[in-house]
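The values are calculated or read from the model by the stated rules, or taken from the named source; none is laboratory data. Please read these numbers as outputs of a predicted model, since none were measured by experiment. Positions of Cβ are generated from backbone atoms using ideal geometry, with glycine treated the same way; all protein chains shown enter the neighbour counts.
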Amino acid sequence: MIKKFFVLTGAPGSGKSTIVTVMRQLGFSCIEEPARQILAEQRSINSAGLPEKDPRLFTELMLSRSIYQYKQMESVSPFVLFDRGVPDNLAYASLFEFTFEAAWNASKFYRYNTTVFFTASWQEIYKTDEERKMSYEVASRFGEALRTIYEELGFSTGDFYKSF
């Protein structure tokens, strides 16, 4: 476990990226979520690694990117905030209705601080866009699946917004 690695996770559209932007402006090391990166890259080259074309490939690409980001930040100090962590890939696999043994293995190997910052679904700010196409209801269920996954892996998940 790398205690200086913190994860900010939760329902899509719940304000995570905005929090990461503010933290970055304050001078903290922050890593953007892999999903949006993969979606933009795959669409730009008209490739198959998209949820609507090949959800398994999309999830595998995100896991690979998550591990790459983790390894790239090992020498950074004092701490790093990740917009989603390796275990998030398990929730994507569940959303797409397949098991993903490699993501379970990676989630046990690439560990973060045991305190995970969790943003619950927030309907008033939820918006769909070019990359985020799921309904609010699906996003909310996805967020709760994430909480369960992180807790099963031994992480503590408190509600980010209620902690202030």
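Scanning region 9-20 for residues that are part of a helix (DSSP H, G or I) and surrounded by 14 or more Cβ atoms within 10 Å (Cβ to Cβ) yields Lys16, Ser17, Ile19, Val20. So, Thr59, is that one modelled with pLDDT of 95 or more, buried (at least 20 other Cβ atoms within 10 Å of the Cβ), assigned to a strand (DSSP E or B) and within 12 Å of the chain's Cα centre (by Cα) or not? So Thr59 fails the test. For region 134-164, the tally of residues that are in a loop (DSSP other than H, G, I, E, B) and either touching a residue at least 12 places away in the same chain (Cβ under 8 Å) or within 15 Å of Ile19 (Cβ to Cβ) (or both) stands at 5. Across region 67-88, the qualifying residues are those that are of a type in the set (D, E, K, R) and not in a loop (DSSP other than H, G, I, E, B), and the one among them that is surrounded by the fewest Cβ atoms within 10 Å (Cβ to Cβ) is Lys71. The number of residues in region 121-150 being surrounded by 14 or more Cβ atoms within 10 Å (Cβ to Cβ) and more than 28 Å from Lys53 (Cα to Cα) comes to 1. When we screen Ala35, Ala91, Ala40 for residues that are of a type outside the set (Val, Ile, Thr), buried (at least 20 other Cβ atoms within 10 Å of the Cβ) and at pLDDT below 95, the only hit is Ala35. Residues in region 40-60 that are of a type in the set (A, V, I, L, M, F, W, C), touching a residue at least 24 places away in the same chain (Cβ under 8 Å) and within 22 Å of Tyr110 (Cβ to Cβ): Phe58 alone.
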